[in-house]
């Protein structure tokens, strides 16, 4: 079996749940032995759809039986279009396996992995993941992002105990899926900027090991977008390695902070509201890619702003009362389930007047040094958009069935998707929100000038 890179070995060693990873060309040949080692005496059931059964599922079944693993009849979702990320599918799957002593082998990309992960979580069993595309970082992360009652939620469940990733299978996936994975990785740049802000303000301290797992390797993972578009083996290996390591960083830290910042707040908003592109639910990675460009365009203005002066001028400004916040959310959100989620997250951000004043004073005190830290990591929106475009990932709202006007409005909504402190909260605390968002969308701003 191919050996893991030092960075992947290091990340795996700190993972809370995942104990075994195979990554390389011909990796499926190690599936049977890996399953038998991790789950001795257990039967396997492959969960796939028609596409992933053809891509790797049938081969996976053969490898398992060849290693002497008992296998149940595979569970293949027979859908004519893209499989929906519906939590009820996972619940039905789990109910059907309740009395069968078996371990799920999820063969597929984001949706299938999340369905297998959540079903296994319901059953209280481990599972094994066979990725078929380098499309997102959820393979190795805890939680399943699924529609539940019409609302896109991250449902709690453990990550896989083992991952078997065959680069030949992954490289054969549609090229746009690698572009989605590249978009998900690109978001780690904004996640780092936001975490630096939260750290400097004492809101969420940087955990150095998970932070380094992602950020020390990010430049390399993003360095060859053309190679990813062409399906070059080394570029695809870097991409899937980066996605897996990001998930392991999440495992090590205990939540998604190492891999998710304000860019994911936009992506989750669009997914919660059912954004579709060409009749299908928008890809998570495509959403993150566009949101990354969106936030970098804003960061350009934030880094040029007089944040110290703004923080001092805002010292005595009140925050909205709960009734005022509720009224604002009523105006911003039309879907009841999204508005209620925004209310819970937004209300959690309301703090004591004294604490708010102290935070603004701290912003003014730390900004000069923090500004230098942020500038050292910053990449322009135009440069990031060029990288994403090289992989075929959308970089304009029109490519994602949105308008520039709706994207501008979403700046005022995304801040309420999570209570996690990000650059969006810094804008609110310094009273710079409206000013900097307006500059980003002004006739001379990024969105009106970018090709």
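The values are calculated or read from the model by the stated rules, or taken from the named source; none is laboratory data. Here the structure is a predicted model, which is why all the values come from computation and not from measurement. Neighbour counts run over all protein chains shown; Cβ positions are idealised from the backbone, glycine included.
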Margin query: Here's a check for you: in region 44-60, which residue that is assigned to a helix (DSSP H, G or I) and surrounded by 24 or more Cβ atoms within 10 Å (Cβ to Cβ) is farthest from the chain's Cα centre (by Cα)?
Written below: 60
Margin query: Checking the conditions here, which among 376, 389, 382, 364 is under 20 Å from the mean Cα position of the chain (by Cα) and assigned by TED's automatic domain parsing to the domain that holds residue 322?
Written below: 389
Margin query: Can you report the number of residues in region 318-328 which are touching a helix residue (DSSP H, G or I) at 6+ places or on another chain (Cβ under 8 Å), in a helix (DSSP H, G or I) and surrounded by fewer than 18 Cβ atoms within 10 Å (Cβ to Cβ)?
Written below: 2
Checklist line | Candidate set from region 342-361 (those that are part of a helix (DSSP H, G or I) and within 18 Å of residue 411 (Cβ to Cβ)); member that is farthest from the chain's Cα centre (by Cα) | finding: 346
Next item on the list: May I ask you to say which residue of 286, 249, 235 is outside the structural domain of residue 432 (by TED's automatic domain parsing), part of a helix (DSSP H, G or I), in contact with a helix residue (DSSP H, G or I) (Cβ under 8 Å, 6 or more places away or on another chain) and farther than 26 Å from residue 209 by Cβ?
Entry: 235
Check: Which members of region 15-43 meet the condition of being assigned to a strand (DSSP E or B) and surrounded by 16 or more Cβ atoms within 10 Å (Cβ to Cβ)?
Finding: 20, 21, 22, 23, 24
Check: For region 114-142, how many residues are in contact (Cβ under 8 Å) with a residue 60 or more places away in the chain and either closer than 30 Å to residue 344 by Cα or buried (at least 24 other Cβ atoms within 10 Å of the Cβ) (or both)?
Finding: 16
Notebook entry, point to check: Wholly within region 393-451, which helices (runs of 4 or more DSSP H) include no fewer than the required count, namely at least 3 residues that are within 17 Å of residue 286 (Cβ to Cβ), in contact (Cβ under 8 Å) with a residue 12 or more places away in the chain and not assigned by TED's automatic domain parsing to the domain that holds residue 356?
Noted result: none
Next item on the list: Scan region 265-283 residue by residue and report those that are in contact with a strand residue (DSSP E or B) (Cβ under 8 Å, 6 or more places away or on another chain) and either in a helix (DSSP H, G or I) or under 16 Å from residue 194 (Cα atoms) (or both).
Entry: 268, 271, 272
Next item on the list: Under 8 Å between Cβ atoms, at least 6 apart or on separate chains: pull out the pairs that start in region 358-380 with a residue that is free of Cβ contacts under 8 Å to residues at least 60 places away in the same chain and end on any residue that is surrounded by fewer than 17 Cβ atoms within 10 Å (Cβ to Cβ).
Entry: 361/315; 364/308; 364/312
Notebook entry, point to check: Taking region 88-113 as the search range and keeping residues that are in a loop (DSSP other than H, G, I, E, B) and in contact (Cβ under 8 Å) with a residue 12 or more places away in the chain, which one is surrounded by the most Cβ atoms within 10 Å (Cβ to Cβ)?
Noted result: 109
Check: Would it be correct to say that residue 211 is touching a residue at least 60 places away in the same chain (Cβ under 8 Å) and within 25 Å of residue 154 (Cα to Cα)?
Finding: no
